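As structure tokens, the structure follows; a few thoughts come after it.
The values are calculated or read from the model by the stated rules, or taken from the named source; none is laboratory data. From a predicted model like this one, the values you see are computed outputs, not experimental measurements. No Cβ is skipped: glycine too gets one built from the backbone with ideal geometry, and neighbour counts run over all protein chains shown. What goes into the accessible areas is simple: the full protein's heavy atoms, side chains included, and nothing from ligands, DNA or RNA. Shrake-Rupley method; radii C 1.70, N 1.55, O 1.52, S 1.80 Å.
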Amino acid sequence: MHLTMGKLASHEESISVIIVGHAITAAFTLPFLAIYPPAWGLKPVGILLLPGVVPQGAAYICYSLAIRSSNPATCSVIAAVEPLLNPVWVFLMVGELPGPAAPVGAAVVLASITGWSAFDVFAAKKPAEKP
């Protein structure tokens, strides 16, 4: 996503990439509704929609505008930090402590994204080899 969005011609195309990405994610996760049916009601749906639509929608709009003038490596690291902060926000808002696997998972995600981004930057700076 980080690599393709910066190369698109318009903001509308960037938003289209985001929508298609979310549609693909929904298609892969919908079967889990049959396995783990949710408790439908006004409160659960509201809890799901309000934080998911308003802040995340605004964040994706800002991201699609900012990626045009930023390095894809920088954007990928920033995007990786956002979900890693979710346990922090849950702790601050609800008081729920993350489990012992949360820091391990965060470290794996950060190391993977940072390593991939660094490799991408260094590979781009490497001079072409002579035949």
Task: In order through the range 24-38: 3J(HN,Hα) via Karplus (6.51 cos²θ - 1.76 cosθ + 1.60), integer Hz, x for Gly, Pro - done: 5, 4, 4, 4, 6, 9, 4, x, 5, 5, 6, 7, 10, x, x
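Counting helices only, and only those DSSP H runs with n ≥ 4, report the 222 nm mean residue ellipticity of the chain as the sum of -39,500 (n - 2.57) divided by its residues, in deg cm²/dmol to the nearest 500. Provide the component values of the computation, followed by the final result.
Numbers: 7 runs with 100 residues, N = 131.
Mean residue ellipticity at 222 nm (helix-derived): -24500 deg cm²/dmol.
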TODO: For the range 1-119, calculate the relative contact order in percent as a whole number, restricting contacts to Cα pairs under 8 Å that are 6 or more residues apart.
DONE: 33 percent
TODO: Considering the options Cys62, Val77, Gly46, tell which one lies farthest towards the positive end of the dipole of the chain, charges being +1 on Lys and Arg and -1 on Asp and Glu at the Cβ, about the Cα centre.
DONE: Val77
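Ignoring ligands, DNA and RNA, what percent of the accessible area of the chain is carbon or sulfur (1.4 Å)?
76 percent
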- [ ] Whole number in Å², please: accessible area per residue of the chain, 1.4 Å probe, ligands, DNA and RNA not counted.
- [x] 76 Å²
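Counting other Cβ atoms within 10 Å, keep those with at most 10, restrict to DSSP loop, and tell me which chymotrypsin sites (Phe, Trp or Tyr not before Pro) in the range 3-105 are left. All intermediate terms of the calculation are to be shown ahead of the outcome.
Values: sites: Phe28, Phe32, Trp40, Tyr60, Tyr63, Trp89, Phe91; in loops: Trp40.
Within the range 3-105, the qualifying chymotrypsin sites (Phe, Trp or Tyr not before Pro) (loop, at most 10 other Cβ atoms within 10 Å) are Trp40.
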Open item on the list: Starting from the 7 Å offset along Cα-to-Cβ, what nm value, one decimal, do you get for the label separation of Phe91 and Leu50?
Closed with: 2.4 nm
Task: 3J(HN,Hα) from dihedral phi, the range 66-83, Karplus parametrisation 6.51/-1.76/1.60, rounded to Hz, x for glycine, proline - done: 6, 5, 5, 10, 10, 6, x, 5, 5, 4, 5, 5, 4, 5, 6, 6, 4, x
